[in-house]
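Asks: Submitted below is the structure of interest, expressed as structure tokens.
No lab work stands behind these numbers, since they all come straight from the coordinates. On a predicted model such as this, the values are computed, not experimentally measured, just so you know. Positions of Cβ are generated from backbone atoms using ideal geometry, with glycine treated the same way; all protein chains shown enter the neighbour counts.
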Protein chains: 2
Amino acid sequence: MTKKLANNEIVSSIKDVADDVYTKIRGHKQPQLSSPLRALSNVRYDPKAGYFELVGKMKTSTLTASSAKTFAQTLRMMALSKQLVETNDVATKREAYYVSKNWDEARFNEQPESDGVMDDIEAMLQVNREQMGFTPEEKGGEVAGALTVIETDPETGEEIKHDCSRFVSGSYSIPSSVEDLKFETKAKFILAIETAGMHQRLVKHKYWQKANCILISMGGVPTRACRRFIRRLADEKKLPVYAFTDGDLYGFTNIYRTLKVGSGNAAHINKYFCVPQAKFIGVTTQDIIDYKLPTHPLSEIDIKRGKDALKNDPFVLHYKPWQQAIKEMIQLRKRAEQQALAQWGLNYVITDYLPAKLSNPKSWLP
Amino acid sequence: MTKKLANNEIVSSIKDVADDVYTKIRGHKQPQLSSPLRALSNVRYDPKAGYFELVGKMKTSTLTASSAKTFAQTLRMMALSKQLVETNDVATKREAYYVSKNWDEARFNEQPESDGVMDDIEAMLQVNREQMGFTPEEKGGEVAGALTVIETDPETGEEIKHDCSRFVSGSYSIPSSVEDLKFETKAKFILAIETAGMHQRLVKHKYWQKANCILISMGGVPTRACRRFIRRLADEKKLPVYAFTDGDLYGFTNIYRTLKVGSGNAAHINKYFCVPQAKFIGVTTQDIIDYKLPTHPLSEIDIKRGKDALKNDPFVLHYKPWQQAIKEMIQLRKRAEQQALAQWGLNYVITDYLPAKLSNPKSWLP
């Protein structure tokens, strides 16, 4: 389902592009670089695919006097990627920016410029930048429960196992690149949790053992690495994914939507960084009423976020139950956090809320 | 050096306070609760102690009609702490706030109120709130290298070992409460690193193996759990601690200063949450010049941060080398990130910078 290239395939993709440029120049023709247009206007949502897809608009850059610098920067960045892949090294986006300081006239002045060129190469080669050797700064995602993560030491070839069931406290921290990880599990599902605090409660009380599951703390909007980890694990082990967030518009349209279908401004790589099999078992407006939860009033920003989603978000526009859920919340003008369940006892979430939710698929949102 | 109470000692401290209140009321006297004043004006820096210490001013609350609610909230919060300790459970600060929603008239309206009461109890009993069963939301701190962390499963009594040398990528994530962890290590020192990106590079290239050390990523200003973890590890294994931050005022006065001596507004618990043995091997103004690093201009906020520290920070006021370092940076009006070393090659930090710094104690800052 997801495209995973071997290192030599990435190197040969880079070489193909570079050879083409070289041949054109030797033949006194203008070389061109093409990549898909990265914008919401070039995106559609089809639930069969499960993520925001590109619809095919391309942008093409031709080597001219005015484009010479960007052209050179793109080729330099591709050369850096090739070097990283060949030496099995990685560079953060920030480091790649600093490496360019030695590229004389092709140096970047600000990091957003080098990030943009990196995104274009990613879209051009149709691989994610982690495979190209570029890693994000931010990580995020903590794992505990019925899972063993396996990685291979590139120096010794030894397989190293991380048994995530062996955490009384603490967790396995998801690395910034997860492409080479393997998994062993007998769990029945993955529970993706908004807050580290709730995750910690479920770890402490070994909820994963009772429910036979894998607990993953997203810590707010899940990072690329966290989404990719959940996706690869869910695909390979054919596990359902349940997302447990706060009952607010941020939890609905930012955290859950991004987990499930990806983000608007990274459409070219959503197919890798989304979890189409996710279902929502977080706090809904109906739960606020049924469980008599302590609430906070919606802010103006919350309400605007909801109205924007109802108008513009292709994911929300596709699912009636989400339109309903967002309208109900705007009408109630209240939100509640997952930790508000603590009003009924600190472990009410374990003894009552989660078992009730999981056993009643009608209470889920798509 | 650090005070670590057994669970039954905490319970009996709580009972002592409660008994005193009870006896006073039965004897028709006004009960009182006393705790140290938590403010910079009640603080001094003595390098022998190594952290910001309280100088002894107390605040006392007497039960009257106007203080009845706060008094009741304090006693309720102590009762919750007692319950948590007795049942070996934990609650986040957020959860404790929600639990109070069932305390009728004694309920808190906003979380800052319940956090304040928790801080007062912490200061009153002279233990940190993690020992009282209250854990922060935020975690932070990733560990890799020559260290095994040992925790005990409270259910089975089994000792569980986490070998932090077995990470090709990824890391051991520091839990929010670290009081009960034990350590095994043959490392020579601890390297505390500002960014996750730099940490990842050092893990990937097994720098810890070459240098025989423990790598800890702070991810910006270190959290309480991260500082406490480094402190306990450094104390128990008698290890020096070297901090490697960006060359900027935030790295100097926020990240490093907080790691070493704690923060101003949490003076009553700094003795647990500081690392007096830390030395600074991060990027200095002189390094920016010597290593010809790519820089960014200082912002007005940076300059103000530096001038404030020179004027008001008891730590900076104590150390001439820090005053010098801050003045030099303000004069140069430039800052540089630790990742700027990548200009000389991605692994220059491993082959040149760190070995040069570590072998030359004269280049360290106190």
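Asks: According to a simple spin-label model (label point 7 Å from Cα along Cα-to-Cβ), what is the distance in nm between B:ASN360 and A:LYS311?
Replies: Going from the A:LYS311 label point to the B:ASN360 one covers 6.0 nm.
Asks: If each label sits 7 angstrom from Cα along the C-beta direction, how far apart, in nm, is A:LYS238 from its counterparts in the other copies?
Replies: 5.8
Asks: Could I have the simple spin-label model distance between B:GLU86 and A:LYS292, label points 7 Å from Cα toward Cβ, reported in nm to one decimal?
Replies: Calculated label separation equals 2.6 nm.
Asks: B:LYS57 label points, 7 Å along Cα→Cβ, one per copy: pairwise distances from this copy to the rest in nm, shortest first?
Replies: Between copies, matching label points for B:LYS57 lie 6.3 nm apart.
Asks: Can you bin every Cα-Cα distance in region A:84-189 into 5 Å intervals starting at zero and give me the percent of pairs per bin, rounded to whole numbers?
Replies: Going from the shortest bin to the longest, the percentages are 2, 10, 16, 19, 16, 12, 11, 8, 4, 2, 1, 0.
Asks: State, to one decimal in nm and shortest first, how far the label point of A:ALA72 sits from each corresponding label point in the other identical copies (label point: 7 angstrom along Cα-to-Cβ).
Replies: 7.5
Asks: Rg and Dmax of region B:267-366, using alpha carbons, in Å: what are they?
Replies: 15.0, 45
Asks: What residue among B:ALA196, B:LEU346, B:TYR97 has its Cα farthest toward the positive end of the dipole of chain B, where the charges are +1 on Lys, Arg and -1 on Asp, Glu, each on the Cβ?
Replies: Toward the positive end, the furthest listed residue is B:LEU346.
Asks: Averaged over every viewing direction, what's the projected area of the C-alpha convex hull for the protein assembly as shown? Give it in nm², one decimal, please.
Replies: Its Cα hull, projected and averaged over all orientations, spans 33.6 nm².
Asks: Moving to a separate point now. What number in nm² do you get for chain A if you take the convex hull of its Cα atoms and divide its surface by four?
Replies: 20.0
Asks: Magnitude of the Cβ-charge dipole of the protein assembly as shown, K/R +1 and D/E -1, about the Cα centre, nearest 20 debye?
Replies: The dipole magnitude comes to about 700 debye.
Asks: Could you give the alpha-carbon Rg of region B:1-104 over 2.2 N^0.38 Å, rounded to two decimals?
Replies: 1.28
Asks: What's the FRET efficiency of A:SER34 with B:SER165 using the Cβ-Cβ distance as r and R₀ = 60 Å, to the nearest 0.05?
Replies: Once rounded, the FRET efficiency stands at 0.85.
Asks: Rounded to the nearest 20 Debye, what is the dipole magnitude of region B:291-337 about its Cα centre when Lys and Arg each give +1 and Asp and Glu each give -1 at the C-beta?
Replies: 140
Asks: Specify, for chain B, the residue whose C-beta is closest to the rotation axis mapping it onto chain A, with the distance given in whole Å.
Replies: Residue and rounded Å distance to the axis: B:SER173, 2.
Asks: Continuing with the same structure: Which residue, chosen from A:GLY133, A:SER171, A:ALA225, occupies the Cα position most advanced towards the positive end of the dipole of region A:71-227, where the dipole is computed from +1 (Lys, Arg) and -1 (Asp, Glu) charges on Cβ about the Cα centre?
Replies: Result: A:SER171, furthest along the dipole toward the positive end.
Asks: Also, quick follow-up: For region B:11-57 and region B:126-174, compute the distance between their C-alpha centroids and round to whole Å.
Replies: Region B:11-57 and region B:126-174 have Cα centres separated by 30 Å.
Asks: If you don't mind, another one. Work out the FRET efficiency for A:SER12 and B:LYS15 from their Cβ-Cβ distance, taking R0 = 45 Å, and round it to the nearest 0.05.
Replies: Computed FRET efficiency for A:SER12 and B:LYS15 comes out at 0.05.
Asks: Follow-up question, since we're still on this one. Dividing the convex hull volume of the Cα atoms of region A:243-289 by its residue count, what figure in Å³ per residue is obtained?
Replies: Considering the Cα atoms of region A:243-289, their hull volume per residue is 57 Å³.
Asks: Can you give the calculated 222 nm mean residue ellipticity of the protein assembly as shown, where each DSSP H run of n ≥ 4 adds -39,500 (n - 2.57) and the sum is split over every residue, rounded to the nearest 500 deg cm²/dmol?
Replies: -11000 deg cm²/dmol
Asks: Putting +1 on Lys and Arg Cβ atoms and -1 on Asp and Glu Cβ atoms, find which of B:THR253, B:ASN312, B:ILE301 reaches farthest to the positive end of the dipole of region B:240-323.
Replies: B:ASN312
Asks: Let's see if you can work this out: charge +1 on each Lys and Arg Cβ, -1 on each Asp and Glu Cβ, no other charges. What is the dipole magnitude of chain B about its Cα centre, in debye to the nearest 20?
Replies: 1260
Asks: Here is a further query. Where in chain A are the DSSP H helices whose C-alpha atoms run 24 Å or more along the long axis and whose mean Kyte hydropathy is at least 0.0?
Replies: Membrane-span-like by this criterion, though nothing is claimed about a membrane: A:68-86.
Asks: Also, quick follow-up: How much net charge surrounds A:GLN343 when only other residues with a Cβ under 10 Å from its Cβ are counted (Lys, Arg +1; Asp, Glu -1)?
Replies: Around A:GLN343, the charge tally is +2.
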